[in-house]
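The values are calculated or read from the model by the stated rules, or taken from the named source; none is laboratory data. Everything numeric here is computed off the predicted structure, so don't read it as measured data. Glycine also receives a Cβ, built like all others from the backbone with ideal geometry; neighbour counts cover every protein chain displayed.
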Amino acid sequence: MTRFTLIPDHDIADPTVAAVYAEIRRELGFGMVPNLFRSMAIKPAILQANWEKFRATILHGLLPRTLKEMVGVLISQANRSEYAMRVHLHGLSALGMSEAVLHALVADYMSCPLPEREKQILRFGLLVATDPLSISDDDYAQLRNLQLSDAEIFEIVATADLFSAVNAYTDAIDLELDSL
């Protein structure tokens with residue numbers, strides 16, 4: 001059971017919460033507000049800041065949203081963070097990714113039927129989240145050799161940072177899975 005109240009639409013008293021919920025429904029593409037954000041409505045400024053970070057990191061940028069969500073799935077799997085892994089697997093499915101690719105992603109992402117460039121992005125994102133002190137100049141050079149710009153590499157690091165924080169937060173509050 002989630003340790004904070006999930007604020008439903010009919011209980012919104014704060015105009016910031018109402019505005020953020022409307023943005024999430026519109027921009028996330030699923031017509032609903034995930035429990036992740038509902039659990040933050042107790043502090044409207046923190047809800048807004050976290051939504052802005054999620055939006056800027058996942059919904060905007062140079063790298064495709066699906067690739068960033070795949071990075072999130074792998075990080076969540078490595079952290080044994082059930083909420084984020086299941087929600088983002090569902091999101092990838094809703095965005096058109098086949099069940100076969102999703103199964104391969106969680107079974108062994110390096111064997112997943114993806115281009116080598118994408119596999120290396122996944123590898124690097126996972127490394128950033130799970131063993132950042134082991135990252136070397138060679139890791140960056142390998143990405144640059146795949147024609148990734150510094151801005152794209154930054155997006156991988158920002159995505160890993162976001163999902164590491166989401167995993168810690170959702171696990172700490174025992175966030176219940178959304179009704180998907």
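Brief remarks follow.
- Hits in segment 130-154 (condition: within 25 Å of SER98 (Cβ to Cβ) and in a helix (DSSP H, G or I)): GLU152
- Only a single item in (1) among the aliphatic types (A, V, I, L, M); (2) surrounded by 14 or more Cβ atoms within 10 Å (Cβ to Cβ); (3) at pLDDT 95 or above is not met by LEU114, and it is number (3).
- Flag for GLY31 being in a loop (DSSP other than H, G, I, E, B) and either touching a helix residue (DSSP H, G or I) at 6+ places or on another chain (Cβ under 8 Å) or of a type in the set (D, E, K, R) (or both): yes
Condition check ((1) under 18 Å from the mean Cα position of the chain (by Cα); (2) free of Cβ contacts under 8 Å to residues at least 12 places away in the same chain) across all residues:
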position	(1), (2)
SER81	yes, no
ARG86	yes, no
ALA104	no, yes
ALA107	no, yes
ILE121	yes, no
SER136	no, yes
GLN147	no, no
ASN167	yes, no
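- Among the residues listed as LEU175, LEU162, the single one being of a type outside the set (Phe, Trp, Tyr), farther than 16 Å from LEU74 by Cβ and either out of contact with any Cys (no Cβ under 9 Å at 6 or more places or on another chain) or not in a helix (DSSP H, G or I) (or both): LEU175
Quick grid of which residues meet (1) part of a helix (DSSP H, G or I); (2) among the aromatic types (Phe, Trp, Tyr); (3) assigned by TED's automatic domain parsing to the domain that holds LEU148; (4) touching a strand residue (DSSP E or B) at 6+ places or on another chain (Cβ under 8 Å):
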position	(1), (2), (3), (4)
MET40	no, no, no, no
ASN50	yes, no, no, no
GLY72	yes, no, yes, no
ALA84	yes, no, yes, no
HIS88	yes, no, yes, no
GLY91	yes, no, yes, no
MET110	yes, no, yes, no
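- Residue among PRO64, PRO132 that alone is at pLDDT 95 or above, within 15 Å of the chain's Cα centre (by Cα) and not hydrophobic (A, V, I, L, M, F, W, C): PRO64
- Qualifying positions in segment 129-145 - surrounded by 14 or more Cβ atoms within 10 Å (Cβ to Cβ) and either among the aliphatic types (A, V, I, L, M) or within 18 Å of PHE163 (Cβ to Cβ) (or both): ALA129, THR130, LEU143
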